[in-house]
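Dumping the structure here so I can ask a few things about it.
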Amino acid sequence: MEALEQLNYTGELSPLRDRMIAELEDVNTLCVTYRSRIYRYALLSLKDPDLAETVTQDCFLKAFKARNEFRGDCSIATWLTRIATNLIRDCTRSRKFQFWKTASSTALEAGDIADRLRSPGISPEASLVVREKLVKVWDAVDALPDKQRSVFVLRFVEEMELPEIAIAMGLHVGTIKSHLHRGLAAVRKAMEKKR
């Protein structure tokens with residue numbers, strides 16, 4: 001995969017780095033290409049659509065402002081995910097997040113009315129079983145520590161490779177493997193208990 005190539009930065013620009021920098025200059029293309037990925041990661045990490053949207057916008061703003069500092073030693077997707085990871089950490093530390101977390105726990109969930117809409121595909125019973133299993137999985141993921149949850153989301157939702165996750169989170173690949181192994185074990189154990 002071309003985006004995962006390691007670039008040797010010796011002060012002169014390589015053709016791949018030139019292309020990446022050109023891509024960073026075009027904000028519209030950058031947002032169209034990576035927005036859904038960054039938003040999905042932020043939403044699954046923060047569980048607040050408004051805050052996830054804010055983090056997504058801040059991510060692209062920071063990336064655009066720092067585009068000249070992009071070294072090209074990772075893909076643009078990994079670089080944006082790293083920026084988003086740092087913004088998510090900042091949000092979870094702030095007092096504002098605590099207010100919104102409390103407010104969202106008392107708010108109505110959009111999924112609450114989804115079961116009232118008819119699905120043309122599968123039977124209501126099968127749909128209910130699938131939905132219950134999915135809720136159990138995400139409840140188990142939500143119970144994971146922050147780093148394990150982030151690694152889980154990046155690996156299985158964003159389908160990032162372990163080295164990419166390591167770069168995005170600023171951790172060693174071995175640490176990522178450990179977090180992923182422990183997270184999977186915890187989710188499996190939680191699923192067995194709920195049977």
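The values are calculated or read from the model by the stated rules, or taken from the named source; none is laboratory data. Everything numeric here is computed off the predicted structure, so don't read it as measured data. Backbone-built Cβ (ideal geometry, glycine too); neighbour counts: all protein chains shown.
Kindly indicate the residue of the range 143-164 that is in contact (Cβ under 8 Å) with a residue 40 or more places away in the chain and either part of a helix (DSSP H, G or I) or aromatic (Phe, Trp, Tyr) (or both) and also surrounded by the fewest Cβ atoms within 10 Å (Cβ to Cβ) among those meeting that condition.
Within the range 143-164, the match that is surrounded by the fewest Cβ atoms within 10 Å (Cβ to Cβ) is 146.
Here's something else I'd like to know. Mind listing whichever residues of the range 105-150 are of a type in the set (Ser, Thr, Tyr) and modelled with pLDDT under 80?
Those that are of a type in the set (Ser, Thr, Tyr) and modelled with pLDDT under 80: 105, 106, 119, 123, 127.
Let me ask another. Anything in the range 64-92 that is of a type outside the set (D, E, K, R), within 18 Å of residue 165 (Cα to Cα) and part of a helix (DSSP H, G or I)? List them, or say none. If you could, list the steps in order and put the result at the bottom.
As a first pass, look at the range 64-92 and keep what is of a type outside the set (D, E, K, R): 64, 66, 68, 70, 72, 74-81, 83-88, 91-92.
With within 18 Å of residue 165 (Cα to Cα) added as a condition, the list becomes 70, 72, 74-81, 83-88.
Selection gives 76, 77, 78, 79, 80, 81, 83, 84, 85, 86, 87, 88.
If a residue must be surrounded by 14 or more Cβ atoms within 10 Å (Cβ to Cβ) and of a type outside the set (Ser, Thr, Tyr), how many such residues does the range 174-195 contain?
Total meeting the criteria: 11.
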